[in-house]
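Provided herewith is a single structure, encoded as structure tokens, for subsequent inquiry.
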């Protein structure tokens, strides 16, 4: 087998593996995940800590809205998991949030920067602390 054939073979294995580990929420139909949202999302990269029992894992946001957030991370929780989050604002203050994983897309850590929407989509259930800061952030990034 030539080097090119070997590379093509391994690339096809990686793609198949990535397709097999894509997790889809069994509660929501696939059509509901398409771009039919009525709430605008805005691209914003912020540091976020998250976890189930406490905010122990660190990642970055991909986009954000008033009702949810996309976290870019190689470590994802299953859809339906309840998370605790700490969002680090641009002025270094912290907003404490709670939410539920709506969708998750698990990818290998070395490929996370290549895959669009790798990580989790979280729907907020509660803003424990810093609601005013969060609302100001959304107002600041909302296109006028």
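The values are calculated or read from the model by the stated rules, or taken from the named source; none is laboratory data. Bear in mind that the values here come from a model prediction, so they are computed numbers and not experimental data. We place every Cβ from the backbone using ideal geometry, glycine too, and count neighbours over all the protein chains shown.
Based on this model, can you work out whether residue 115 counts as within 13 Å of the chain's Cα centre (by Cα) and at pLDDT below 90?
On the way: within 13 Å of the chain's Cα centre (by Cα): yes; at pLDDT below 90: yes.
Yes: the conditions hold for residue 115.
Give the stretch 49-97 a look and list any residue that's more than 25 Å from residue 111 (Cα to Cα) and in contact (Cβ under 8 Å) with a residue 60 or more places away in the chain, or say none.
65, 66
Being crowded, with 16+ Cβ neighbours inside 10 Å and either in contact (Cβ under 8 Å) with a residue 40 or more places away in the chain or not in a strand (DSSP E or B) (or both) is the requirement here; does residue 100 meet it? Lay out the reasoning, then the answer.
Working: crowded, with 16+ Cβ neighbours inside 10 Å: yes; either in contact (Cβ under 8 Å) with a residue 40 or more places away in the chain or not in a strand (DSSP E or B) (or both): no.
Here the answer is no, as residue 100 does not meet what is asked.
Moving on to the next point. Residues that are touching a helix residue (DSSP H, G or I) at 6+ places or on another chain (Cβ under 9 Å) and under 20 Å from residue 140 (Cβ atoms): list the strands (runs of 3 or more DSSP E) wholly contained in the stretch 42-91 that include at least 1 such residues. Spell out the reasoning first.
Details: elements: 47-51, 57-64, 68-72, 82-88.
By residue number, 57-64, 82-88.
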